[in-house]
2 protein chains.
Amino acid sequence: MLQSRRIDQPEPAPQRVPKASQCATCVVRNRAVCGALSDEERERLGNEGRTVNVKRGQTLLWEGEDAMLVANVIEGVLKLSTSTSDGREQIVGVVYPADFIGRPFGERSNHSVTALVDSRVCIFSRASFDRFARQHPDLEHRLLARALDELDRARRWMLLLGRKSAMERVASFLLELSERLAASGCEDTTGPLDAYEMPLDRQQIADVLGLTIETVSRQLSALRAGAIIDTPSRRAIVIRDRAQLVGLAGD
Amino acid sequence: MLQSRRIDQPEPAPQRVPKASQCATCVVRNRAVCGALSDEERERLGNEGRTVNVKRGQTLLWEGEDAMLVANVIEGVLKLSTSTSDGREQIVGVVYPADFIGRPFGERSNHSVTALVDSRVCIFSRASFDRFARQHPDLEHRLLARALDELDRARRWMLLLGRKSAMERVASFLLELSERLAASGCEDTTGPLDAYEMPLDRQQIADVLGLTIETVSRQLSALRAGAIIDTPSRRAIVIRDRAQLVGLAGD
DNA sequence: ACCAGCCTTTGACCTGCATCAATAAGGTGG
DNA sequence: CCACCTTATTGATGCAGGTCAAAGGCTGGT
């Protein structure tokens, strides 16, 4: 069977930034769900929220526990993960700046949310966010649009997990990251990145792709040997031949 | 690699029932998204929709094509599926009565929708449904709740596809069906069914679980040999020892 | 600088599921 | 009731990727 997994250690609670949110200057205010609101409304929602720094490895929400909060990602990358009772883990989503975290209109969180790199999020109590959302149809509309996009993405991921080979999975993943990291930068989107810093370690890549760390490593080595990518350091990825990589992603 | 797949043959277009929808007596009117509307509003939405019969095997929406319609399932079971360019197929969702089909607020459908058994759905043009939804926040709220539930379900499915063994997958699937088929019957829900008719053939089960038809067959035989289930006919499932089956589902 | 403790890579081997192939069991029309 | 066809089961074999084990490489602390 699959190897078991180290458990993410409990960590000190995320550090609250004393100052209340400054929505007016928030870098993600337009792309996040808040973008649906007028300045005045956004300010009102902002008063119910707080900006919080989350260090790499810290967990914001635990699988199975009451999901008391929701949040917008301002900066950083976080993973959503579930595990079987015997410790096999699967990462079911990776979120970037402007993405929404949590389960509005639901009691419990179905997956843990953990920072992959030092991140900053804007949190709300679920109850107050739910109340606010119900009174602001435009906000709910943005939430819906986002949920539908996530659903499409999750389903594409199901094709990868159910039907793709190890090499196809790794190639697909490197390409997806190259696109999403480019889109999450606020700069004018100049298309997918050919060089980026990998926010996941090898174990986490394996957990996204439903593989083992060794298999991931071997596929990366093979791509390096074929001069299709380069990995100048552990966490750096350089795509040298995107066309071939696309071919290997196979869909 | 994985075996290739027979293509669903193009079929005659779904048959339109001449009579306009009779929302007032619709068996799923409360559980479907329409349940958010008043009688009067529902009637108004109903005037834009039509009831359509879809025969087993007929496809309502094609992957990659413009998604011109959305629908509510009134009766039956349908699959949502995607495939790789070389024909490997993955079923990414199975929908039951009261479930919603299609991609509101999106241009193209990311998966095909095909009837697994003779079904009846209530269709709307996407454009008119979108317009109506934007004017009815309660309807969008129900859509959002549904999308979030689907997302949770898809993510639990990702754990299955990424990390579970063949036996765990088959056991999980039999249990999920036993619950969802019970819930989709309009009768007072008396808990999960211990006997039901399997709406999928072996190939389709394999396509849901990311396995091959032979592996599915072997797991079912093993379960039968262990007196955990019985399969009195091809499409009949009887759960004889639910506790053990739950144990084998492993999560 | 140097050491300790990861994380990653690589190699050797094994196993669960895919693949290939042959029957068997329903189902359908004549 | 039989011939034919589709779908499911069972068996034999192979291989992709998992498991086990042993080196490397970074990194951070003193």
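The values are calculated or read from the model by the stated rules, or taken from the named source; none is laboratory data. The model shown is predicted, which means the values in this text are computed figures rather than measured ones. For neighbour counting, all protein chains shown are included, and Cβ atoms are generated from backbone atoms with ideal geometry for every residue, glycine included.
Test B:Ser109 against the criterion of being buried (at least 17 other Cβ atoms within 10 Å of the Cβ), more than 16 Å from DNA strand C (Cβ to nearest atom) and within 14 Å of chain A (Cβ to nearest Cβ), and give yes or no. Spell out the reasoning first.
On the way: buried (at least 17 other Cβ atoms within 10 Å of the Cβ): yes; more than 16 Å from DNA strand C (Cβ to nearest atom): yes; within 14 Å of chain A (Cβ to nearest Cβ): yes.
The answer is yes for B:Ser109.
Given B:Arg240, B:Arg234, B:Arg146, which one is more than 10 Å from every other protein chain (Cβ to nearest Cβ) and either more than 18 Å from B:Val77 (Cβ to Cβ) or within 17 Å of the chain's Cα centre (by Cα) (or both)? Give the derivation first.
Values: B:Arg234 fails: either more than 18 Å from B:Val77 (Cβ to Cβ) or within 17 Å of the chain's Cα centre (by Cα) (or both); B:Arg146 fails: more than 10 Å from every other protein chain (Cβ to nearest Cβ).
Of the residues listed, the single one that is more than 10 Å from every other protein chain (Cβ to nearest Cβ) and either more than 18 Å from B:Val77 (Cβ to Cβ) or within 17 Å of the chain's Cα centre (by Cα) (or both) is B:Arg240.
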Residue in the stretch A:184-192 that is of a type in the set (D, E, K, R), more than 16 Å from DNA strand C (Cβ to nearest atom) and at pLDDT below 95 present: yes
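Using the structure shown, decide if B:Ala182 is small (Gly, Ala, Ser), in a helix (DSSP H, G or I) and more than 12 Å from chain A (Cβ to nearest Cβ). Write out each step before concluding.
On the way: small (Gly, Ala, Ser): yes; in a helix (DSSP H, G or I): yes; more than 12 Å from chain A (Cβ to nearest Cβ): yes.
It is true that B:Ala182 is small (Gly, Ala, Ser), in a helix (DSSP H, G or I) and more than 12 Å from chain A (Cβ to nearest Cβ).
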Of the conditions (1) surrounded by 22 or more Cβ atoms within 10 Å (Cβ to Cβ); (2) in contact with a helix residue (DSSP H, G or I) (Cβ under 6 Å, 6 or more places away or on another chain), the single one that A:Leu174 does not satisfy is (2)
Being in contact (Cβ under 8 Å) with a residue 12 or more places away in the chain, more than 10 Å from DNA strand D (Cβ to nearest atom) and away from chain B (no Cβ under 14 Å) is the filter here, so list the residues in the stretch A:204-221 that pass it. A:Leu220
Would you confirm, using the coordinates I've provided, whether B:Leu161 is free of Cβ contacts under 8 Å to residues at least 60 places away in the same chain, facing chain A (nearest Cβ under 10 Å) and either under 14 Å from the mean Cα position of the chain (by Cα) or more than 16 Å from DNA strand D (Cβ to nearest atom) (or both)? no
If you take the residues in the stretch B:194-203 that are part of a loop (DSSP other than H, G, I, E, B) and within 14 Å of DNA strand C (Cβ to nearest atom), which one is farthest from the other protein chains (Cβ to nearest Cβ)? B:Met198
Going by what's in this entry, would A:Arg31 be described as within 22 Å of A:Leu144 (Cβ to Cβ), out of contact with any helix residue (DSSP H, G or I) (no Cβ under 8 Å at 6 or more places or on another chain) and part of a loop (DSSP other than H, G, I, E, B)? yes
Out of the stretch B:46-103, which residues are within 14 Å of chain A (Cβ to nearest Cβ), in contact (Cβ under 8 Å) with a residue 12 or more places away in the chain, closer than 21 Å to A:Trp157 by Cα and part of a loop (DSSP other than H, G, I, E, B)? B:Glu63, B:Gly64, B:Ala67, B:Asp86, B:Gly87, B:Arg88, B:Gly102, B:Arg103
